[in-house]
1. Going residue by residue through the range 12-25, is there one that turns out to be in a loop (DSSP other than H, G, I, E, B) and either out of contact with any helix residue (DSSP H, G or I) (no Cβ under 9 Å at 6 or more places or on another chain) or in contact (Cβ under 8 Å) with a residue 40 or more places away in the chain (or both)?
2. Can you tell me which condition residue 37 does not meet? The list is (1) modelled with pLDDT under 95; (2) assigned to a loop (DSSP other than H, G, I, E, B), and all the others hold.
3. For the range 28-83, name all the residues that are in contact (Cβ under 8 Å) with a residue 24 or more places away in the chain and of a type in the set (Ser, Thr, Tyr).
4. Which of the following residues is at pLDDT below 95 and surrounded by 13 or more Cβ atoms within 10 Å (Cβ to Cβ): 76, 82, 52?
Amino acid sequence: MSEIKDLESIATKAVHRLRQETLTSGQPFMINVSSLPENQCYFEYPDKSIKLVMFLKEKKDFSPLKNLTSRDRDRLRKRLGLV
């Protein structure tokens, strides 16, 4: 395995561990996806729900845009390797 592949593997494992620790502590986990507009991301919650949110600069806070359906949550997790 090349050095870059090794680093990618280490980084992926670290993000997965951070996600699990964050959700276990009762906090939402932010999921950034490059296909979303710059000010949007997903928040995954300990109850397994996921919301699409938008950052509002003027309020310095996130505003929910959409609750993902069970099917959409499953697709997103599968696409990102979070299953």
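1. Yes, the range 12-25 contains a residue that is in a loop (DSSP other than H, G, I, E, B) and either out of contact with any helix residue (DSSP H, G or I) (no Cβ under 9 Å at 6 or more places or on another chain) or in contact (Cβ under 8 Å) with a residue 40 or more places away in the chain (or both).
2. (1)
3. If the condition is that a residue be in contact (Cβ under 8 Å) with a residue 24 or more places away in the chain and of a type in the set (Ser, Thr, Tyr), then 42, 49 are the ones that fit.
4. 82
The values are calculated or read from the model by the stated rules, or taken from the named source; none is laboratory data. Computed from a predicted model, the values in this text were never measured in an experiment. FYI the Cβ positions are ideal-geometry reconstructions off the backbone, even for glycines, and counts take in every protein chain you see.
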